[in-house]
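These notes are about the structure you will find just below.
The values are calculated or read from the model by the stated rules, or taken from the named source; none is laboratory data. These figures come from a predicted structure and were not determined experimentally. Glycine also receives a Cβ, built like all others from the backbone with ideal geometry; neighbour counts cover every protein chain displayed.
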Ligand SMILES: Cc1cc2nc3c(=O)[nH]c(=O)nc-3n(C[C@H](O)[C@H](O)[C@H](O)COP(=O)(O)OP(=O)(O)OC[C@H]3O[C@@H](n4cnc5c(N)ncnc54)[C@H](O)[C@@H]3O)c2cc1C
């Protein structure tokens with residue numbers, strides 16, 4: 001069996017280790033933290049995440065989807081809260097289409113246990129990777145451990161060690177490796193919403209609740225224990241900046257003014273506010289994602305993005321399903337490792353860049369446009385088009401969330417569709433007739449002009 005190493009036992013690393021083990025590789029996983037199953041849960045990242053079709057495909061491919069279904073809560077659309085208390089529901093897609101809320105800790109545990117249960121897989125906690133060197137017979141990992149450092153050698157190494165990847169750090173020292181890191185000038189703070197007096201959810205649990213407020217927003221995603229995780233996203237600086245919320249009075253005044261309907265549901269707001277830090281949001285781009293045929297980056301290590309499309313983990317899982325499919329050719333003897341990892345970079349780098357762009361765009365949509373009447377009108381018109389011609393018109397959100405169309409193709413198609421919809425929106429006198437076959441055909445014909 002070929003010996004490989006996976007650095008980082010997060011969501012992507014654990015899933016990838018399982019896929020490698022399914023193919024018969026002997027996998028050593030190195031994780032800098034202690035085992036989350038025996039110690040405290042490590043904080044610092046979102047408590048729950050939205051899992052959608054790209055993630056599910058990878059989970060199916062790895063053979064773990066059934067276990068994950070047991071902890072997944074279906075979310076059918078956005079539930080918007082205006083300042084005046086008006087509430088609207090906006091379905092995510094066609095009937096039956098939904099995303100799922102899953103707990104980060106629960107998902108990580110399922111993936112890690114599935115990998116660990118495979119023959120040939122070993123997990124080494126409390127091992128911090130500091131980099132690697134090429135040796136004549138493989139790649140030596142530089143591992144820090146409290147007892148002694150170690151330099152085990154592997155045929156191949158997969159860097160799944162997150163946004164601040166040490167494996168990528170090593171690559172940056174190589175000639176012609178590009179790397180770019182940017183922090184969003186906005187941060188976030190998580191606040192738990194406990195169950196109500198009856199022990200049940202305090203709001204509808206079938207939606208992602210959003211309080212869009214222009215330059216900032218509050219969001220809430222449900223958990224199986226009947227709590228919601230609320231997240232306030234906003235700029236650090238400026239009139240509505242997080243930095244200005246320096247004492248209890250200011251926090252209360254801010255919530256009273258902008259989120260009056262949620263205040264009675266958060267009786268421990270001040271305590272929770274003071275107990276949770278404001279976290280930053282980092283974005284990275286790099287190229288290439290492989291070092292020859294021996295080392296590859298996957299997940300946040302290759303492409304850390306902002307969380308506004310709910311696609312960071314999903315795109316990392318898609319890295320796994322794509323590379324797993326490429327290993328099929330390698331196993332069949334029709335490609336070398338060099339070719340396989342080069343192909344992986346070629347397929348995934350444009351996708352990684354595109355989902356970052358999409359996620360940045362979606363932040364504006366979520367915090368600003370979700371409450372905009374023109375935007376809601378467009379959604380309604382697009383919904384009609386999609387219901388009548390589901391094979392021809394897929395709104396951008398559906399392309400990203402409910403399809404496996406590469407992200408860069410989705411981005412391009414989304415831009416074309418947006419232009420077409422702008423033409424439709426410019427004719428408000430005809431909106432009521434936007435069920436007429438002739439008008440719909442006219443709109444659809446603009447998708448592929450000249451066909
Ligand atoms: C607020 C927020 C909300 C989000 N919501 C969503 C969502 O709804 N849907 C979605 O798809 N994505 C979401 N994401 C993105 C998602 O969290 C990440 O894309 C995902 O965690 C990436 O998984 P990963 O395994 O690549 O990296 P990580 O989850 O960061 O795991 C990396 C692992 O490597 C370990 N490690 C790090 N350095 C070393 C080292 N030197 N040596 C050894 N081990 C190391 C870490 O301890 C960690 O266990 C969100 C992110 C944030 C911040």
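Residue by residue, here is whether (1) surrounded by 20 or more Cβ atoms within 10 Å (Cβ to Cβ); (2) closer than 23 Å to residue 210 by Cβ holds:
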| site | (1), (2) |
| --- | --- |
| 239 | no, yes |
| 245 | yes, yes |
| 262 | yes, yes |
| 275 | no, no |
| 284 | yes, no |
| 287 | no, no |
| 296 | yes, no |
| 303 | yes, no |
| 311 | yes, yes |
Count of segment 138-152 residues which are within 12 Å of the ligand (Cβ to nearest atom) and buried (at least 21 other Cβ atoms within 10 Å of the Cβ): 2
From the options 330, 323, 347, residue that is more than 11 Å from the ligand (Cβ to nearest atom), crowded, with 16+ Cβ neighbours inside 10 Å, over 20 Å from residue 8 (Cβ atoms) and under 23 Å from the mean Cα position of the chain (by Cα): 347
Flag if residue 202 is in contact (Cβ under 8 Å) with a residue 24 or more places away in the chain, buried (at least 20 other Cβ atoms within 10 Å of the Cβ) and not in a strand (DSSP E or B): yes
Residue match in segment 381-388 (condition: in contact with a strand residue (DSSP E or B) (Cβ under 8 Å, 6 or more places away or on another chain) and closer than 24 Å to residue 446 by Cα): yes
Residue match in segment 96-105 (condition: away from the ligand (no atom under 14 Å from the Cβ) and either over 22 Å from residue 225 (Cβ atoms) or in contact (Cβ under 8 Å) with a residue 24 or more places away in the chain (or both)): yes
Residue count, segment 106-137 (criterion: within 16 Å of the ligand (Cβ to nearest atom), surrounded by fewer than 21 Cβ atoms within 10 Å (Cβ to Cβ) and in a loop (DSSP other than H, G, I, E, B)): 2
Scope segment 328-354; condition at pLDDT below 95, in a helix (DSSP H, G or I) and in contact with a helix residue (DSSP H, G or I) (Cβ under 6 Å, 6 or more places away or on another chain); matching residues: 330
Qualifying residue in segment 75-83 (condition: within 12 Å of the ligand (Cβ to nearest atom) and under 27 Å from residue 355 (Cα atoms)): yes
One residue from 440, 366 being at pLDDT below 90 and within 17 Å of the chain's Cα centre (by Cα): 366
